[in-house]
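The values are calculated or read from the model by the stated rules, or taken from the named source; none is laboratory data. In this text, all values refer to a predicted model and were calculated from it rather than measured experimentally. For neighbour counting, all protein chains shown are included, and Cβ atoms are generated from backbone atoms with ideal geometry for every residue, glycine included. Only protein heavy atoms, including side chains, enter the accessible area calculation; ligands, DNA and RNA are left aside. Shrake-Rupley method; radii C 1.70, N 1.55, O 1.52, S 1.80 Å.
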Amino acid sequence: MKLVFRFLLLFVFIKSSACLSNIWEAGELTYKNGSTEISAFVNTKENTQLQVVLCSKKSIDNYRFTLLLPKKVLSDSVIKVKVYTDDSEVEQYAEVSGNSIDFQVDESLLLAIPYSAKLQLEFNSEDAEYLGLPKILDVSMKGAELALKNVSSQCTALCLNNGFSCNKSLLSSILWPVNSFNSLEYEQIDDLCTKQTRPDVYRFNLTKKCKAKLDRFYNNEGVGPLSFVYQLFNSPNSAYKKYEQSWKETVALSPVVAEDMNRYELNDWYLLLYSLVGNRHIREFPNSFYAINNHKGDPTTLVYDIDNRYEMELLKYSSVLYRRMNSSIKSKNSVTKTLKLWSDFYRQLTQMLPNIHHAQAVRPIIYKSMLMRIWNLAGRPNGVKFYSKNMFRHGTNGKTITDENLEKQCSLFEGSNGEQFFYASSDCVKSVADIMRTSPYNTSLYKDLEIKWDNYAKAWMSSPFYNDSLDDAIGENKRANLTLIILSLFREYGFGDYFQIRECLSSRDSDICSYESNKYYSTYTKEFNYRLDSISNVSADDANSLNELNNLYLEYYHALELYLDDLVSSNTIPLWRADFIKSLASIVQTNAMLNFAYSREELPDISQNMQKEGTDEKMTIEQDKYDDNDGQPDDIYNSDDDIDEDIIVPM
């Protein structure tokens with residue numbers, strides 16, 4: 001389908017109101033198939049035209065950067081082109097097809113164009129000769145800023161109200177004021193929207209006058225750069241409104257609600273507006289807000305790290321909140337629903353905010369505001385303490401994270417980046433066993449744990465489900481996965497096997513680790529039941545065999561629980577580590593359940609119903625689940641269909 005739309009671009013130039021002028025203009029192009037594009041364009045040398053499409057309807061691309069040629073080239077190709085602006089020199093790939101050169105530009109380049117006095121496209125000599133272009137093509141920048149902002153405004157309105165598709169972040173970035181918003185017109189806003197709680201300490205105070213002032217600010221300056229964000233917060237069926245309603249229901253179901261209901265009110269939209277135009281430091285603004293605003297360079301990595309920190313805090317407070325809901329399933333389900341709706345809202349917010357410091361800085365404000373509501377409803381538990389020495393580090397580039405010989409014995413490196421994973425070599429298994437002989441972890445319950453594991457391992461390795469791979473339930477040898485569990489009692493190396501439980505490992509918080517332990521055990525139970533049902537459709541005997549194996553595994557897992565609980569009771573290990581190891585055991589077993597191969601040379605009679613028509617191939621037990629072919633032929637596009645020329649009209 002992508003080729004269909006690109007072919008429709010052939011021979012179509014935007015019809016300029018000033019023929020062959022070198023001034024940027026806004027244009028609309030409607031194709032014969034009903035698709036429409038809105039773009040800024042400029043005529044260039046050698047009878048070419050540069051088009052920057054910023055929104056479209058019924059088209060595969062919601063933005064593109066294309067140079068149209070006066071005639072069609074004989075063959076398609078991909079070339080490299082250097083693009084120069086005032087402040088940058090970047091090499092971009094470009095796809096040559098028909099009479100167009102479609103550049104694979106990123107947002108940062110498009111954002112530089114409106115404010116640059118120079119735009120040059122440099123081709124290598126062979127490509128320039130083949131395309132009939134000069135080696136360096138100078139693009140006029142007259143009227144570029146005005147045209148691009150005009151098109152961005154038009155596209156914003158069309159995407160909000162007329163079913164057009166667009167890159168919301170890109171449009172908002174183009175419309176964002178260069179020097180941020182003008183706070184001088186709103187000098188009284190600090191006094192209207194904040195309240196002093198003690199000397200030099202202020203909090204946000206959303207009075208009627210404050211709300212009116214912030215509404216005025218949005219109407220005067222926010223329409224355009226903030227229009228998508230406004231819709232996300234305020235439209236009746238928006239993701240935020242759904243979250244807001246679910247949050248109120250969760251508060252109503254809470255068994256204990258604090259006296260001060262203001263702690264649960266949602267005023268995030270107005271808090272966001274104040275962060276853009278206000279001047280006072282208020283306690284609702286976390287330090288990360290100022291860190292992003294003052295950061296030099298691209299703030300992406302910093303924002304990502306802040307989000308990760310807040311995710312762990314959310315995991316902490318929500319785990320306590322779940323426990324505080326006691327045995328009320330309805331209340332717990334309400335919390336789960338609210339958190340999912342929040343996640344959906346925040347994902348949409350991050351996708352539409354411009355990659356501009358002041359815009360990205362609102363993210364920690366909104367996230368922290370939500371965290372404080374959860375924290376209050378959870379009874380204000382102790383926060384999560386983070387220490388850099390505890391942060392999970394994944395070994396890469398074929399290197400371990402320590403110089404310990406034991407880590408080297410127990411490591412395997414895979415992939416192009418040489419990522420580290422656990423590997424139970426014979427030396428690794430022997431070394432861990434030697435340590436355990438004289439270790440305080442070798443309690444009376446440890447021997448029973450080994451017996452339970454060996455019973456399970458022996459039965460599994462003689463079953464039709466066993467395979468000689470690292471993903472097997474047992475591992476590469478009989479004691480492989482047990483060795484990983486025991487090693488994790490006293491070491492945390494850079495194994496990728498720990499990645500899914502990195503929040504527990506990095507925070508070392510008992511609430512977080514307990515929550516994850518229960519979550520991963522529940523996940524294993526669901527995956528096992530699904531696999532059991534799948535196999536039962538093929539062979540009842542194999543299903544019974546798998547069920548018996550699971551009973552043996554559960555005997556081992558419950559022995560592991562008793563063993564770990566005993567170590568916690570004797571203060572041999574902390575509570576967080578016990579739950580960390582339980583999570584690890586569940587993850588290892590879940591992966592094994594998802595990855596073990598199951599096939600039979602002769603399927604029972606029930607499989608005959610799953611045989612594909614017209615072939616002798618029998619379907620596997622899960623093949624029919626993912627087979628979406630409805631037998632209908634693909635749509636065929638006739639590349640010889642004609643289109644009308646010169647159907648783009650100036651706006």
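Find the residue count for region 386-404, including only residues that are touching a residue at least 12 places away in the same chain (Cβ under 8 Å) and either of a type in the set (K, R) or open to solvent by less than 60 Å² (accessible area, probe 1.4 Å) (or both).
Number of matching residues: 12.
Checking the structure you have, find out if any residue of region 218-232 is modelled with pLDDT of 95 or more, within 23 Å of S331 (Cα to Cα) and open to solvent by 30 Å² or more (accessible area, probe 1.4 Å).
No, region 218-232 contains no residue that is modelled with pLDDT of 95 or more, within 23 Å of S331 (Cα to Cα) and open to solvent by 30 Å² or more (accessible area, probe 1.4 Å).
Of all residues in region 28-68, count the ones that are outside any strand (DSSP E or B), more than 21 Å from L146 (Cβ to Cβ) and not acidic (D, E).
Pass one, region 28-68, residues outside any strand (DSSP E or B): 31-35, 45-47, 58-63.
Remaining after also requiring more than 21 Å from L146 (Cβ to Cβ): 31-35, 45-47, 58-62.
From what's left, not acidic (D, E): 31-35, 45, 47, 58-60, 62.
Qualifying residue count for the region: 11.
For C504, indicate whether it is closer than 17 Å to R393 by Cα, crowded, with 16+ Cβ neighbours inside 10 Å and in contact with a Cys (Cβ under 8 Å, 6 or more places away or on another chain). Break it down into steps so the answer makes sense when it comes.
Values: closer than 17 Å to R393 by Cα: yes; crowded, with 16+ Cβ neighbours inside 10 Å: yes; in contact with a Cys (Cβ under 8 Å, 6 or more places away or on another chain): yes.
Considered against the rule, which asks whether it is closer than 17 Å to R393 by Cα, crowded, with 16+ Cβ neighbours inside 10 Å and in contact with a Cys (Cβ under 8 Å, 6 or more places away or on another chain), C504 comes out as yes.
Please specify each residue of region 508-522 satisfying the condition of being part of a helix (DSSP H, G or I) and open to solvent by 10 Å² or more (accessible area, probe 1.4 Å).
Within region 508-522, the subset part of a helix (DSSP H, G or I) is 510-522.
Hits for region 508-522 are S510, D511, S514, Y515, N518, K519, Y520, Y521, S522.
Which of (1) within 27 Å of L560 (Cα to Cα); (2) open to solvent by 60 Å² or more (accessible area, probe 1.4 Å); (3) out of contact with any helix residue (DSSP H, G or I) (no Cβ under 7 Å at 6 or more places or on another chain) does A433 not meet, given it meets every other one?
All conditions are met except number (2).
Test A291 against the criterion of being crowded, with 22+ Cβ neighbours inside 10 Å and either out of contact with any Phe, Trp or Tyr (no Cβ under 6 Å at 6 or more places or on another chain) or not in a helix (DSSP H, G or I) (or both), and give yes or no.
Values: crowded, with 22+ Cβ neighbours inside 10 Å: no; either out of contact with any Phe, Trp or Tyr (no Cβ under 6 Å at 6 or more places or on another chain) or not in a helix (DSSP H, G or I) (or both): yes.
Considered against the rule, which asks whether it is crowded, with 22+ Cβ neighbours inside 10 Å and either out of contact with any Phe, Trp or Tyr (no Cβ under 6 Å at 6 or more places or on another chain) or not in a helix (DSSP H, G or I) (or both), A291 comes out as no.
Could you name every one of the helices (runs of 4 or more DSSP H) located completely within region 362-481 that has at least 2 residues being closer than 24 Å to K582 by Cα and touching a Leu at 6+ places or on another chain (Cβ under 8 Å)?
Values: elements: 362-377, 405-409, 426-437, 444-461.
In region 362-481, 426-437, 444-461 are the helices (runs of 4 or more DSSP H) which contain 2 or more residues that are closer than 24 Å to K582 by Cα and touching a Leu at 6+ places or on another chain (Cβ under 8 Å).
Take region 366-418 and flag every residue that is at positive phi and out of contact with any helix residue (DSSP H, G or I) (no Cβ under 7 Å at 6 or more places or on another chain). Full working, then the answer.
At the first step, the residues of region 366-418 found to be at positive phi are 379-380, 397-398, 415, 418.
Within region 366-418, R380, N397, G398, G415, G418 meet the criteria.
Find the residue count for region 370-422, including only residues that are touching a Lys or Arg at 6+ places or on another chain (Cβ under 9 Å) and among the aliphatic types (A, V, I, L, M).
7
Going residue by residue through region 283-293, is there one that turns out to be of a type in the set (D, E) and under 22 Å from G383 (Cα atoms)?
Within region 283-293, the first condition is being of a type in the set (D, E), and the residues that meet it are 284.
From what is left, the residues that are under 22 Å from G383 (Cα atoms) are 284.
Within region 283-293, one or more residues are of a type in the set (D, E) and under 22 Å from G383 (Cα atoms).
On the given criteria, is S180 in a helix (DSSP H, G or I), of a type in the set (S, T, Y) and either modelled with pLDDT under 90 or under 18 Å from G222 (Cβ atoms) (or both)? Give the derivation first.
Values: in a helix (DSSP H, G or I): no; of a type in the set (S, T, Y): yes; either modelled with pLDDT under 90 or under 18 Å from G222 (Cβ atoms) (or both): yes.
Judged against the criteria, S180 is not a match.
When you scan region 61-71, do you find a residue that is surrounded by 20 or more Cβ atoms within 10 Å (Cβ to Cβ), modelled with pLDDT under 90 and of a type in the set (A, V, I, L, M), even just one?
Checking region 61-71: not a single residue is surrounded by 20 or more Cβ atoms within 10 Å (Cβ to Cβ), modelled with pLDDT under 90 and of a type in the set (A, V, I, L, M).
Regarding S140, is this residue farther than 17 Å from N219 by Cα and either in a loop (DSSP other than H, G, I, E, B) or without any contact (Cβ under 8 Å) to a residue 12 or more places away in the chain (or both)? Reasoning before the result, please.
Working: farther than 17 Å from N219 by Cα: yes; either in a loop (DSSP other than H, G, I, E, B) or without any contact (Cβ under 8 Å) to a residue 12 or more places away in the chain (or both): yes.
Answer is yes for this residue.
Check region 112-123 and report whether any residue there is open to solvent by less than 40 Å² (accessible area, probe 1.4 Å), in a strand (DSSP E or B), of a type outside the set (K, R) and closer than 26 Å to S172 by Cβ.
no
Would you mind stating whether S469 is open to solvent by 10 Å² or more (accessible area, probe 1.4 Å) and among the small types (G, A, S)? Break it down stepwise before answering.
Values: open to solvent by 10 Å² or more (accessible area, probe 1.4 Å): yes; among the small types (G, A, S): yes.
So S469 passes the test.
Anything in region 488-516 that is polar (S, T, N, Q) and more than 20 Å from I435 (Cβ to Cβ)? List them, or say none.
Scanning region 488-516 gives Q500, S506, S507, S510, S514.
So, L273, is that one farther than 25 Å from I512 by Cα and either crowded, with 18+ Cβ neighbours inside 10 Å or more than 22 Å from the chain's Cα centre (by Cα) (or both) or not? Talk me through it step by step, then tell me what you get.
Working: farther than 25 Å from I512 by Cα: yes; either crowded, with 18+ Cβ neighbours inside 10 Å or more than 22 Å from the chain's Cα centre (by Cα) (or both): yes.
Yes: the conditions hold for L273.
So if I check each of F345, F285, which one is open to solvent by less than 50 Å² (accessible area, probe 1.4 Å), within 30 Å of I501 (Cα to Cα) and in a loop (DSSP other than H, G, I, E, B)? Walk me through it before giving the result.
Numbers: F345 fails: in a loop (DSSP other than H, G, I, E, B).
It is F285.
I'd like the full set of residues that are more than 19 Å from P574 (Cα to Cα), acidic (D, E) and under 33 Å from the mean Cα position of the chain (by Cα), limited to region 510-562.
Passing the criteria: E527, D533.
Would you check which residues across region 483-501 are farther than 27 Å from V320 by Cβ, hydrophobic (A, V, I, L, M, F, W, C) and open to solvent by 10 Å² or more (accessible area, probe 1.4 Å) and list them?
F490
From (1) open to solvent by less than 40 Å² (accessible area, probe 1.4 Å); (2) assigned to a helix (DSSP H, G or I), pick out the condition that doesn't hold for V538.
(2)
Checking R491 against (1) of a type in the set (K, R); (2) over 29 Å from the mean Cα position of the chain (by Cα); (3) assigned to a helix (DSSP H, G or I), only one condition comes out false. Which one?
All conditions pass for R491, except number (3).
Name the residues in region 124-157 that are open to solvent by less than 40 Å² (accessible area, probe 1.4 Å), within 16 Å of Q49 (Cα to Cα) and β-branched (V, I, T), would you?
Scanning region 124-157 gives a single hit, V139.
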